[in-house]
Amino acid sequence: MASQEVIREEPSRGSFINDPKVRGIFFQAVVVILLVAGVWWIVHNVIENLQRLHIASGFGFLKNRAGFDIPVRPIAYTSDSTYGDAIIVGLINTLIVAGAGIITATIIGFVVGIGRLSRNWLIRKICTVYVEVFRNIPPLLVIFFWYSGVLAVLPAPRDSFNLPFGSFLNQRGFYFPRAIWGEGSWLIFVALLVGIAMAWFVARTARQRQMATGQQFPVLWTSLALIVGLPLLAYALSGFPLSFDFPKQSTFNLTGGFQIGPEFLSLYLALSFYTASFIAEIVRAGILGVSKGQTEAAGALGLRPGSILRLVVVPQAMRIVIPPLTSQYLNLTKNSSLAIAIGYPDLTAIAGTVLNQTGQAVEGVLIMMVVYLIISLVTSAVMNVVNARMALVER
Amino acid sequence: MKHIAIGILGAAALGWMASAASATTLGDVKAKGFIQCGVSTGLAGFSAPDDKGDWKGIDADFCRAVAAAVFGDGTKVKFTPLSAKERFTALQSGEIDILSRNTTWTINRDTALGLNFIGVTYYDGQGFMINAKKLPGVNSALQLSGAAVCVQSGTTTELNLADYFKANKMEYNPVVFEKLEEVNAAYDAGRCDVYTTDQSGLYGIRLTLSAPADHVVLPEIISKEPLGPAVRQGDDQWYHIVKWTYFALLQAEELGITQANVEELKTSDNPEIKRVLGQEAETKIGTDLGVSNDWVVNIVKAVGNYGEMFERNVGTGSPLKIARGINALWTKGGLQYAPPIR
């Protein structure tokens, strides 16, 4: 008993150097000082080196005229725009391909992940083969596969495939008519908004009624009728104000209409299919993580298999799925920088061109790093909010 | 603790500055025993590996000429293939000693990028190439409105292209890749209608396409593209060695000194030839430059004179068959002119 007390009290009575609290603070301070000194040394070295080599530095170049053109321009951009504008175009292109890729990868991933647990032998095996093939190939090869596939298989512009609704498919991309909204078309959008609002209201009322009385209401069909029917009605009432700009043959390419280039298509497809194989495994793990007793209990209550999946299994699986899903979304966004290999003008490609035209290597790389960091942090933050809402609420 | 950290830091900074002050490129090159030469990733006639992996072309030979001047041995060169995007950073950071990579001399590169161009080893201009079989009837660049144009990113070519189409009020769709091979593959696959780069490059690239005979280079030249080697700023001695290697190549051609006759001409009666070849009594031309006095002999033995280098790599002795044109010596109506070696 006595000896134990001695051991417990020794640290506080011992010399100053042996105090674990003081030691802790001391070593933390050392680490911080070394870190700050290291960073300062690197920055100092870079500045000194740039000056010694007579290389201009600073971010002033962002306001200069870029002078080069960009193939895919989601916002107004010409060669007269600034380097800063060019980088923003690149950023938007990255966000477009990452956003579209995330949505598609999630859909394919959920379908394949659930398919791997199907009772149907064929579906199960097809999904397994899909996952094993795409998961085990480097993403760059998948991108090249789609890109060379697109270029090799599709015909030249003169012999384009004619698709329905005045669309065309050729080596230069997918062309479809561009909608031109005429006078009075605002009515259609208002009708669409009203339709969505009414559908939401119907869903809520139906849910409350089911809670209260147990009676069900065909929410899906009613909502569909409201969301599609109302705008159509408005379209007819306002005198059919919509016209289309169809793509037409010219000397070199198809002109007019709306064009999606093969670079975007192959990058988007490759990222979606590649990431979907990982998401499928995450979804499968999530579903298997829900105890079998839950399914059996739901079955015992008389729920149909579809309802069991939708109401019992998936909500619980989501709690397991969301954290690793966030990592996959971040991976997809970062993998989009592989676009440079096939010439899709994403952030890396454009910042690289700017870096080369201006010679501002340090600044260019810094901009890229900071922007990707911000994109990743925002994605994480959004997914954390989703995760918090999905988390188990103790009652 | 803080004092120690600052002490360590100060010592490190001082050490670094000391090394920066003492090292010269010539000293570094001699210490490692070879010249690190930045070349393209493969442009026929300028710098491209042959079937044995040896780098061939004017740009590669120029680095051999500098190695011959410094070491008396043209083989003491190591080549670093660089994309357009990597080239300046590689030179700035000291990864390479000479950038000899069909690079256009511009004021911005000379000033803001911290480079020094040593001269123009090839006067070029930007042109367009099309597939004449797929596009019959197109025989001028002014008919290219609406075309998809393949171009390498981060080049002056990319900027000239934008300027040319804007000035002529024409539309185009740029198809931009980072690496030359990617541009070649995309053009060959029909992703774009037009290929634009320096005209000499177009002739070289045409040879690598699947059906070279189908492609024609349009007559328009839309820009001045003086291509030449560059070195880092801040080392005048190295700058002079590289620059005078280039002038020595021109001077040798002007005086009729060739790979075949350089040994005989050492005993020539012509005082100018004797002076250039370092055979003058008590000569200090070579040693003042920082190399041996028979540096020009070594250069010509290694790669020949400028004319021989040209004909072997891009002229009549090569598949490219490019005429000398404005790259002829000034005595033959061209632009190649060297200040006197004396």
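Overview of values
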read-out	value
Residues being assigned to a helix (DSSP H, G or I) and over 26 Å from the mean Cα position of the chain (by Cα) - total across region A:134-185	8
Top-ranked residue in region A:71-82 [being at the interface with another protein chain (Cβ under 9 Å from one of its Cβ atoms) and closer than 19 Å to B:ALA167 by Cβ; ranked as surrounded by the fewest Cβ atoms within 10 Å (Cβ to Cβ)]	A:ASP80
Residue in region A:58-70 that is farthest from the other protein chains (Cβ to nearest Cβ), counting only those that are in a loop (DSSP other than H, G, I, E, B) and among the hydrophobic types (A, V, I, L, M, F, W, C)	A:PHE59
Members of region A:147-173 that are more than 14 Å from every other protein chain (Cβ to nearest Cβ) and either among the basic types (Lys, Arg) or surrounded by 17 or more Cβ atoms within 10 Å (Cβ to Cβ) (or both)	A:SER167, A:PHE168, A:LEU169
Complete set of residues in region A:347-371 that are closer than 24 Å to A:LEU271 by Cα and more than 10 Å from chain B (Cβ to nearest Cβ)	A:LEU347, A:ALA351, A:ILE367, A:MET368, A:MET369, A:VAL370, A:VAL371
Members of region A:23-57 that are under 39 Å from the mean Cα position of the chain (by Cα), away from every other protein chain (no Cβ under 11 Å) and of a type outside the set (A, V, I, L, M)	A:GLN28
Hey, A:TYR344 modelled with pLDDT of 90 or more, under 22 Å from A:VAL72 (Cα atoms) and away from every other protein chain (no Cβ under 14 Å) or not	no
Members of region B:160-205 found to be closer than 29 Å to B:GLY325 by Cα, in contact with a Phe, Trp or Tyr (Cβ under 6 Å, 6 or more places away or on another chain) and of a type outside the set (Val, Ile, Thr), listed by number	B:ALA162, B:PHE165, B:TYR187, B:ASP193, B:TYR195
Residues of region B:98-108 satisfying the condition of being within 14 Å of chain A (Cβ to nearest Cβ) and either free of Cβ contacts under 8 Å to residues at least 24 places away in the same chain or buried (at least 22 other Cβ atoms within 10 Å of the Cβ) (or both)	B:LEU99, B:ARG101, B:THR103, B:ILE107, B:ASN108
Check on B:ALA65, among the small types (Gly, Ala, Ser), modelled with pLDDT of 90 or more, buried (at least 22 other Cβ atoms within 10 Å of the Cβ) and in a helix (DSSP H, G or I)	yes
1 or more residues surrounded by fewer than 16 Cβ atoms within 10 Å (Cβ to Cβ) and either free of Cβ contacts under 8 Å to residues at least 60 places away in the same chain or hydroxyl-bearing (Ser, Thr, Tyr) (or both): qualifying helices (runs of 4 or more DSSP H) within region A:284-395	A:292-300, A:314-335, A:361-390
Any hit, region A:136-159, residues being hydroxyl-bearing (Ser, Thr, Tyr) and touching an Asp or Glu at 6+ places or on another chain (Cβ under 9 Å)	yes
Filter result (of a type in the set (Ser, Thr, Tyr), within 14 Å of chain A (Cβ to nearest Cβ) and in a strand (DSSP E or B)) within region B:179-226	B:TYR195, B:THR196
Search result, residues across region B:255-270 that are closer than 18 Å to B:GLY304 by Cβ and without any contact (Cβ under 8 Å) to a residue 40 or more places away in the chain	B:LEU255, B:GLY256, B:ALA260, B:ASN261, B:VAL262, B:GLU263, B:GLU264, B:LEU265, B:LYS266, B:SER268
Residue in region B:250-267 that is within 30 Å of B:GLY114 (Cα to Cα), crowded, with 19+ Cβ neighbours inside 10 Å, modelled with pLDDT of 90 or more and touching a helix residue (DSSP H, G or I) at 6+ places or on another chain (Cβ under 8 Å) present	yes
B:PHE79 assigned to a helix (DSSP H, G or I), of a type in the set (Phe, Trp, Tyr), under 30 Å from A:THR353 (Cβ atoms) and away from chain A (no Cβ under 14 Å)	no
Hey, B:ILE273 in contact (Cβ under 8 Å) with a residue 40 or more places away in the chain and either assigned to a helix (DSSP H, G or I) or in contact with a His (Cβ under 9 Å, 6 or more places away or on another chain) (or both) or not	no
Qualifying positions in region B:109-153 - surrounded by fewer than 24 Cβ atoms within 10 Å (Cβ to Cβ), within 8 Å of chain A (Cβ to nearest Cβ), within 19 Å of the chain's Cα centre (by Cα) and of a type in the set (Gly, Ala, Ser)	B:GLY114
Residues being more than 18 Å from B:ASP59 (Cβ to Cβ) and touching a strand residue (DSSP E or B) at 6+ places or on another chain (Cβ under 6 Å) - total across region B:210-237	8
One residue from B:LYS301, B:LYS266 being more than 25 Å from B:ASP54 (Cβ to Cβ) and not hydrophobic (A, V, I, L, M, F, W, C)	B:LYS266
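The values are calculated or read from the model by the stated rules, or taken from the named source; none is laboratory data. Values in this document were obtained by computation on a predicted structure and should not be read as measured data. All Cβ positions, even for glycine, are placed from backbone atoms using ideal geometry, and neighbour counts span all protein chains on display.
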